[in-house]
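These notes concern the structure reproduced below.
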Amino acid sequence: VMNCPNKQKVNYAVFMLVGEVEYWWDSTRRLLGGGGIIITWEVFRVNFFEKYFLKDVRRAKEIEFMQLK
């Protein structure tokens with residue numbers, strides 16, 4: 001996935017969604033992509049992280065990662 005072109009990352013990520021996250025994506029996609037607008041990888045990531053990976057948790061994980069030995 002890391003080497004996947006940005007155009008395909010959203011498609012791959014959406015394919016992997018299961019359960020409640022699928023419902024979230026369906027409604028978010030309608031809000032963001034109305035009128036045929038293409039949703040970029042960056043837009044997907046920002047919206048996904050805001051919903052499922054809060055800033056405080058991200059920062060704590062970054063600190064935890066930096067302190068790994």
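The values are calculated or read from the model by the stated rules, or taken from the named source; none is laboratory data. For clarity, every value in this text was computed on a predicted model and none was experimentally measured. Heads up, the Cβs are rebuilt from the backbone with ideal geometry, glycines too, and the neighbour counts pull from every protein chain shown.
Of all positions in the range 4-22, at least one carries a residue that is among the β-branched types (Val, Ile, Thr), within 12 Å of the chain's Cα centre (by Cα) and at pLDDT 90 or above.
Scanning the range 28-69 for residues that are basic (Lys, Arg), under 21 Å from Lys9 (Cβ atoms) and within 15 Å of the chain's Cα centre (by Cα) yields Arg29, Arg45, Lys51, Arg58.
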